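Read-outs: derived from the displayed coordinates by stated rules, not from any lab. These figures come from a predicted structure and were not determined experimentally. Counting neighbours? That spans all protein chains shown, and the Cβs are built from the backbone with ideal geometry, glycine included.
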Amino acid sequence: MTMRLHSFLGRSVLPLALIGLGTFGAALPAHAGPDDERPEVEVYVPERVVTVDGKTKTVEFVVVNEGGATAEDLVAGFGSADDPVPASVVVTPPNGCTDLSACRLGDLAPGDFKSFKFQVQPSADLADLGVSFPIVVRDAGSTWQSSAQVTVVRAEAGIDLEMGAVDDMKLAPGKSATVPVVVRNAGNRPVDHVAIILAGAPFISFPATYSNCVAVEELDGTACFFDQPLGPDEVLTVSAATPLKVKVAADAPGPADYFGAVFATNADEDLDLADLAAKNAAAAPKSQLELVPVGKKRSAAAAVEEGDLNDWDNATTFRITVSRNQADSAAVGATFAGAVGESRTVRVGVRNNGPAATKGPFQGWITSALVRIPAGIDLTRVDDDCFAMSDGAPVDVEPGEVHGREYICFTLDSVKKGEEQLFSFTGRITAGSAAGSVTVDGGDQDPTKSNDVAKIAVELTAGGSGGGLPVTGAPAGLLAGGGALLLAAGAVAFVTARRRRIVTIAE
């Protein structure tokens, strides 16, 4: 489907960012060194909040722990001693908080996030350009702090779509559930055509079973168009007669958390309606997904501001907790076979015997293979996805750099049943020797430990011919798509990986 999605995705900063946040940090501590075991908290809030004709506006801010240790006793403040909340804006703090300068947020585990909502209401003397104040999050002892700035402005009129929250859910692999969609127009200008867009993640899908819904490759999701207006203060929800479903793939790794998102948008601005109509006309007859009104309260419109006033609350994200789904990770060994002096390449690593796919970084785990090269091999080349180790600790060298005989290698994605993830090692045979080994760590998803270790042997041949592979380079393309491996503070911190798609936070 051809869609004008790029500007829409760029505007929807907060919800889209959260789709990929939740589990990177959870995968890191197993490979992190002492210097990385500390919290690193970031605050995300819309930069610009537009209120319509003096109305109260609800705003979400999100606190994320991107570090390797639990952030304890977090406290949030609205404004600061040097930059207080201006008198022209009234701030109502999150539920349960009575002190604007010290809202207690509790603890936050590594790689996790929490969202909170507060309200702003401008007074009649709010400046035309608006006013700004920071949201400051710190620990209880004020040894560190993190902040983000928000600006409140006022508009006489406009469209302001708001997506209702979707509760987190628990699903078994292969199962589906209804996504409760509720969208409101908090503005005072009507929307002629509403669209609902659902964004998925690997192993999560939204089956496009209705004639007014089509698959959207850019989002691993589905877009649904509704030929009906949404007036000021009106609320629409998906009809119970046409439920909207989210489905977990039968081979989805678990236990793991996944994320999905639901967007409401002005279809006339963000969708190619002609293309949608053509696809619907060519498709087999299906029932239509229906939106039904929940309530209405029309108000008069004045001078109009073009576009949606607040794109950041057009979307909501939700977590899908998937139950245990085992994947047997088995070690794959190899043999350096040839005469003394000859160079050979072997590929060793992990094979997934299923039944599920293995977890990847987006499911909170990184399957690793610890490779120990036999003494009879003089290494000349190491796979780019492997790091040198010494006495069980990472060595401060570049990925793929030859240094000693012990290496830790990481899979960069989920491995499907029956597939392998192998790593290349090239070396010159110097003598016969005892075998080395490859040891796989498949985490809590791996039910069988007896096949986690395989040999890396040396086999001398008199004639100079034998096993092994021709000398080859490392697998290409494994670090494509914005993925990276970082070696920092003497510890391996695998931060992100080859994913089919990463949404960039950008205006």
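Structure notes:
- 13 Å reach of a label modelled at Val397, 7 Å along Cα-to-Cβ, counting backbone N of segment 426-450: 426
- The protection proxy used here, the mean number of other Cβ atoms lying within 10 Å of each residue, ranks peptides 74-82, 348-356, 101-109 as follows, highest first: 348-356, 74-82, 101-109.
- For segment 128-145, Karplus couplings with θ = phi - 60° (6.51, -1.76, 1.60), whole Hz, Gly/Pro x: 4, 8, x, 9, 10, 7, x, 9, 10, 10, 9, 7, 4, x, 6, 7, 8, 8
- Overall Cα dimensions of segment 32-155 - principal axes, largest extent first, Å: 53, 25, 21
- Taking amide H as placed 1.01 Å from N in the peptide plane, Ser80 has its amide H under 5 Å from the amide H of Val85, each at least 5 places away in sequence or on another chain.
- Between segment 169-220 and segment 78-106, the C-alpha centres lie 34 angstrom from each other.
- For Thr51, the residues 5 or more places off, or on other chains, whose built amide H falls under 5 Å of its own are Val153, Arg154, Ala155.
- Note that segment 329-334 has calculated 3J(HN,Hα) couplings of 8, 10, 6, 10, x, 6 Hz, one per residue in order, obtained from phi through the Karplus relation 6.51 cos²θ - 1.76 cosθ + 1.60 (θ = phi - 60°); glycine and proline are x.
- A Förster distance of 35 Å, applied to the separation of the beta-carbon atoms of Thr70 and Lys245, puts the FRET efficiency at 0.50.
- Potential extension, Asp83-Thr56 segment - 0.36 nm per residue separation minus Cα distance: 7.5 nm
- Cα gyration tensor shape of segment 307-412, rounded if a/c is under 1.5, else prolate or oblate by comparing a/b with b/c: prolate
- Segment 217-223 - phi-based ³J(HN,Hα) in whole Hz, Karplus 6.51/-1.76/1.60, Gly and Pro as x: 5, 4, 10, 6, x, 9, 10
- Difference of contour (0.36 nm per residue) and Cα-Cα distance, Ser433 to Arg104: 112.3 nm
- Taking the centroid of alpha carbons for each part, segment 323-390 and segment 117-145 are 50 Å apart.
- Taking label positions 7 Å along the Cα-Cβ direction at both Ser142 and Leu379, the computed distance is 5.0 nm, reported to one decimal.
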